[in-house]
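Accompanying notes for the structure given below.
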Amino acid sequence: MDYVTITDHNSMAGLWRFAHLPGTFLGAELTSYFPENDCKVHVGVLGFSEQHFPDLLVARKNVYELVEHLRKEGIAHFLAHPSTTSTAS
């Protein structure tokens with residue numbers, strides 16, 4: 001493998017075991033919601049800095065705000081497993 005990341009849900013805890021290795025970058029899978037119907041989605045976020053993470057946790061409450069923030073900061077992101085999204089429970 002050329003690059004490695006660990007994408008914990010809403011956490012960076014698992015990254016620290018590998019973060020010091022060459023070719024490793026920060027990643028997370030953030031749970032977010034569409035505000036109009038509380039539909040839950042998971043957004044994969046790649047290549048951010050540790051300093052970005054607290055702001056990402058705040059923005060994740062609204063998927064539109066999260067994506068706007070990610071675009072503004074130039075952080076790579078994607079919708080994870082979109083066919084399994086459902087309303088919040």
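The values are calculated or read from the model by the stated rules, or taken from the named source; none is laboratory data. Just so it is clear, the structure is predicted and the values come from calculations on it, not from any experiment. Heads up, the Cβs are rebuilt from the backbone with ideal geometry, glycines too, and the neighbour counts pull from every protein chain shown. Ligands, DNA and RNA are excluded from the accessible area calculation, which covers all protein heavy atoms including side chains. Shrake-Rupley method; radii C 1.70, N 1.55, O 1.52, S 1.80 Å.
Observations
- Neighbour-limited loop hits for trypsin sites (Lys or Arg not before Pro), region 7-89 (at most 14 other Cβ within 10 Å; DSSP other than H, G, I, E, B): 61
- Other residues whose C-beta falls under 15 angstrom from the C-beta of residue 70 contribute a net charge of -1, scoring Lys and Arg +1 and Asp and Glu -1.
- Considering region 39-81, its Cα convex hull presents a mean projected area of 2.9 nm².
- In this structure the chain gives 63 Å² per residue of accessible area when probed at 1.4 Å with all protein chains present.
- Annotation for region 1-48 versus region 54-82: alpha-carbon center distance of 11 Å.
- The share of C-alpha pairs in the chain whose separation exceeds 22 Å stands at 26 percent.
- Annotation: amide H-H contacts under 5 Å for residue 80 (H modelled 1.01 Å from N, sequence separation of 5 or more, or interchain): 42, 43, 44.
- Estimated at 0.36 nm per residue, the fully extended path between residue 72 and residue 34 surpasses their Cα-Cα distance by 11.8 nm.
- Dividing the mean sequence gap of close Cα pairs (under 8 Å, 6+ apart) by how many residues the chain holds gives a relative contact order of 27 percent.
- Against the main long axis of the alpha-carbon atoms of the chain, helix 63-73 sits at an angle near 40°.
- Sum of -39500 (n - 2.57) over DSSP H runs of 4+, divided by residues of the chain (222 nm, nearest 500): -5500 deg cm²/dmol
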